[in-house]
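The values are calculated or read from the model by the stated rules, or taken from the named source; none is laboratory data. It should be emphasised that the depicted structure is a prediction, and the values quoted were computed from it without experimental measurement. Cβ sites come from the backbone with ideal geometry, for glycine too, and all protein chains shown count toward neighbours. Just the protein is used for accessible areas: all its heavy atoms, side chains included, with ligands, DNA and RNA removed. Shrake-Rupley method; radii C 1.70, N 1.55, O 1.52, S 1.80 Å.
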Amino acid sequence: MTSERVEQQLTVLKLGRMRQVYAAWIEQAGTQQLGYGDFLEQLLNEEVVARQENQLRRRMTAAGFPYAATLEQFDFTLRPELKRPVLSRYCERGVVEQAGALVLVGASGLGKTHLAIAVGTRMVQLGYSVRFVTAQAVANAVLAAETRLARARVLEPLVKCQVLILDELGYLPLDAAVGPALYEIVAGRYERGATVVTSNKSLATWGELVGGDSALMMALVDRLLHHGEVFYLRGTSYRMRGKEGVTGGASGPSRTAGSAALPPA
């Protein structure tokens, strides 16, 4: 079989990586005296790895992370109230299997979004479907939906994904009509999927975010924290480090106030 014919067959079978490397492996097989079985195994390994990498890239793109972040890049020495082993638990399969939740509360610049992306990235690497959205983006989409079907199309992906990251809840005031949508998302995910929320507002004031409907928002919080934890971050903004003399400084870090702990993984 000619090389042209081989490439044509591999193209038909959609074995793109094998098409790229088979000629090099033929040469290497001759040099290293590989048997037919070993040669075939190496080609198949090339294809499997390439497909896994492509799937990872697609899942990362679908997640919609605004930037790359890992737990290893986070400086825990600046946030002594956070413990790496505790946060690492949210990068394990058990969080998804137990439909766990993580709520990070604190002022801007303390690393909440970084941690949320780090958790989400690890979940993508583990093979889970992840969606990253800001609360304002959800609000805009809900308010723009003119029919029940359009509204369902907005909410359904956020309910069905295995890991949802809802970022920046509270940074901008939300229309009162958005409250029921947020509750629908969280209630729909309850006992079904893992959820991460970042906010600059304490949980006690979440009702103010959607027109003062405290009962609705506390029902939302109740579902989040049944299998989750909340961490309050304190300290100096990463973005303002080295500028304390200009801004007048900031308070030091303090211990978190937690809620119901995640069940053992």
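Computed quantities for the displayed model
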| quantity | calculated |
| --- | --- |
| Label-point gap, in nm, between residue 70 and residue 26 - each point 7 angstrom along Cα→Cβ | 3.8 |
| Cα→Cβ-extended label distance, 7 Å offset, between residue 36 and residue 48, nm | 2.1 |
| Inter-label distance for residue 238 and residue 152, nm, one decimal - labels placed 7 Å from Cα along Cα-to-Cβ | 4.0 |
| Dimensionless Rg/Rh of segment 82-143 - Kirkwood Rh, Rg from C-alpha atoms | 1.00 |
| Test item: Cα-centred dipole of segment 70-194, Lys/Arg +1 and Asp/Glu -1 on Cβ, debye | 260 |
| Electrostatic dipole magnitude of segment 149-219 [Cβ: Lys, Arg +1; Asp, Glu -1; Cα centre; debye, to 20] | 240 |
| Share of carbon and sulfur in the accessible heavy-atom surface of the chain [1.4 Å probe, %] | 53 |
| Largest to smallest accessible area among 222, 167, 38, 75 [probe 1.4 Å] | 222, 38, 75, 167 |
| Ranking by accessible area, most exposed first, for 72, 229 with a 1.4 Å probe | 72, 229 |
| Euclidean distance between Cα centres, segment 135-214 to segment 54-75, Å | 22 |
| Computed magnitude of the charge dipole of the chain (debye, nearest 20; Cβ of K, R +1, Cβ of D, E -1) | 320 |
| Residue among 33, 73, 42 with the largest mean-square fluctuation in a Gaussian network model of the chain, springs linking Cα atoms under 10 Å | 33 |
| Top of 163, 103, 48 by mean-square fluctuation, Gaussian network on the chain, Cα under 10 Å | 48 |
| Value of relative contact order over the chain, rounded to a whole percent, pairs C-alpha under 8 Å and six or more apart | 22 |
| Residues residue 14 and residue 215, FRET efficiency given R0 of 51 Å [Cβ-Cβ distance, rounded to 0.05] | 0.40 |
| Read-out Kirkwood radius over Cα pairs in Å, derived from the coordinates shown; its label in (i) 17.9; (ii) 21.1; (iii) 19.0 | (ii) |
| Choice from 179, 111, 16 showing the highest fluctuation, given a GNM over the chain with Cα pairs closer than 10 Å | 16 |
